[in-house]
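Presented below is the structure to which this report refers.
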Amino acid sequence: MSGPAIRVENLGKMYRIGGPVERYRTFRDTVAQGFSRAGRRVRSWFGGGNGAAPKYETIWALKDVSFEIQPGEVVGVIGRNGAGKSTLLKILSRITEPTEGRAVVRGRVGSLLEVGTGFHPELTGRENVYLNGAILGMKRAEVDRKFDEIVAFAEIEKFIDTPVKHYSSGMYVRLAFSVAAHLDTDILLVDEVLSVGDVKFQQKCMGRMQDRTFVGKTILFVSHNLPAIANFCPRTLLLDRGRLACDGPTSEVLPAYLANEEEEFDGGSRDLTRVVRMTGRGRNWNCLRRVAVLENGEEARICRVNAQWGLRVECEVPEELRGKTLCLGFDIRDSMDRSLFASNTNQYYASVQAVPGQMAFEAKIDKLCLAPGRYRVGLYLGDGRADYEVIRDAIVFEVCWEQQDGIAFPHRAGWGPVFQRVDWGVSLGAMRR
């Protein structure tokens, strides 16, 4: 295969909001509509109406998107809900046509866009396997050769001759992915559908896509699961409001995406009085008022590796909680939203009694063993059994290297988020027995 597997040039897709629902048109409908437009123009020339077509509000799901994907590349696509990710895959799958620009796809395309896409509900699982193979241009002998593998991977042997309209969403996905993964497609487009399956099957799918049988296949993988994107896709496209905001190595694109979701804070502290929080017990207690990250006891936005790290949380306790047991906890998450560490007061105190008015909690870690990068802190306050309120992203802080006598400690992103100083020794001679 010569040239890019996928070439997208100035791609745009516009949708109309409101107005009558447009049905599929025949050739006769198109000709009739053309004469109708011509008639409106003629009437407008003779004062028989303004001749203008009704105007509707429009929205651009994609606008001026351009990129190339080479054969064998595995590329992730991320962005907020409504950023245009699914629209892009539908255009590449030829489900919908672009409003402007063009998308050139070279090779057989297998797609997993929605649960049950490409399946006929009245046909059995067996019949749909052969139907999908025929749509992809496979000969019956090719499908016969792979059929047993497809059914075994999907784990639905007992229901393979049952009409798929009786399948659960998980069974749909298992069979659809198995068909796309085992038939000889050059390009695989995967939307968020894998999240429908159970954890075991998701792991099985990711393992299959990383298997050597997938070497040479071009994969476009859309997901909100950032760790999966980081582990599976060397390159990532970031879509923002229909436009291509970033295209590059995943290790650079993910932090850029998450940075756009975060607001700037003054120094190492943040006022929490107006921060959106999840509440329990049927009311908004609004106890959490201020949070600060500390380094060696001082507020800091940037902390050094192996320095003393602290967290100070100030609360305003209402009269209704007098005498209640309070439990304050926090968790630290990395740039891919993985929880790295969590702690709460119940781990070290028998109980903390609520006293109406101002209360302050302070946590301290003697040596911060996080690798350089950006981290988020989440807070939760409750009684140890149920939460009064939760702030998922209370504050953000960064970790940088601490230079010691001019010696730096290199640490690649692929080595994980935790940094631990290790003393190595190398010797020559006889091995110990």
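Values in this text are rule-based calculations from the coordinates and carry no lab data. Since this is a predicted model, take the numbers as computed values, not measurements. Note: ideal-geometry Cβ built from the backbone for every residue, glycine included; neighbour counts use all protein chains shown.
Taking the centroid of alpha carbons for each part, the range 327-366 and the range 302-322 are 7 Å apart. For LYS146, a cut-off of 21 angstrom between C-alpha atoms picks up these lysines, skipping any fewer than 8 places away in its own chain: LYS158, LYS204, LYS217. Entry for the range 269-408 at q = 0.22 Å⁻¹: log10 I(q)/I(0) = -1.42, Debye formula applied to identical alpha-carbon scatterers, no solvent contribution.
Counting beta carbons within 10 Å around each of LYS200, LYS85 and listing the fewest first gives the order LYS200, LYS85. Taking only the alpha carbons of the range 57-209, we obtain Rg and Dmax values of 16.2, 51 Å in that order.
For the range 282-347, the normalised intensity computed at q = 0.12 Å⁻¹ comes to -0.44 (log10 of I(q)/I(0), Debye sum over alpha carbons, equal scatterers, no solvent).
If R₀ is 41 angstrom, what is the calculated FRET efficiency for the pair SER66 and VAL215, using the beta carbon separation as r and rounding to 0.05?
Computed FRET efficiency for SER66 and VAL215: 0.90.
How much of the pair distance distribution for the range 343-382 lies past 11 Å, counting alpha-carbon pairs only, in percent? That fraction is 79 percent. When CYS246, CYS233, CYS400 are arranged by Cβ crowding within 10 Å, least crowded first, meaning fewest neighbours, the order is CYS400, CYS246, CYS233. Full extension of the segment from GLU122 to LYS367, taken as 0.36 nm per residue of separation minus the current Cα-Cα distance, would add 82.0 nm.
With a cut-off of 20 Å on the backbone N, the residues of the range 317-350 near the modelled label site 7 Å out from THR273 along Cα-Cβ are 317-320. Multiplying the residue separation of GLN33 and THR96 by 0.36 nm and removing their Cα-Cα distance gives an extension gain of 20.6 nm. Using only side-chain charges placed at the Cβ, +1 for Lys and Arg and -1 for Asp and Glu, the dipole size of the range 269-408 relative to its Cα centre rounds to 420 debye.
For every other residue with a beta carbon closer than 15 angstrom to the beta carbon of GLY107, add +1 if it is Lys or Arg and -1 if Asp or Glu, then tell me the sum.
Details: positive: ARG7, ARG94, ARG106, ARG108, LYS217; negative: GLU68, GLU73, ASP184, ASP186.
Summing Lys and Arg as +1 and Asp and Glu as -1 gives +1.
Below 8 Å, C-alpha to C-alpha, sequence gap of six or more: please give me the relative contact order for the range 269-408 in percent. Each step should come with its number before you reach the end.
On the way: 331 pairs, mean separation 42.4, N = 140.
Relative contact order of the range 269-408: 30 percent.
Kirkwood hydrodynamic radius of the range 114-185, from the reciprocal of the average inverse Cα-Cα distance over all distinct pairs: 11.7 Å.
Each label point was placed 7 Å from the Cα along the Cα-to-Cβ direction; for SER251 and ASN296 their separation is 3.0 nm. Along the axis of the charge dipole computed for the range 269-408 (Cβ charges of +1 for Lys and Arg, -1 for Asp and Glu, origin at the Cα centre), the listed residues LEU294, GLN358, GLY384 are led at the positive end by GLY384.
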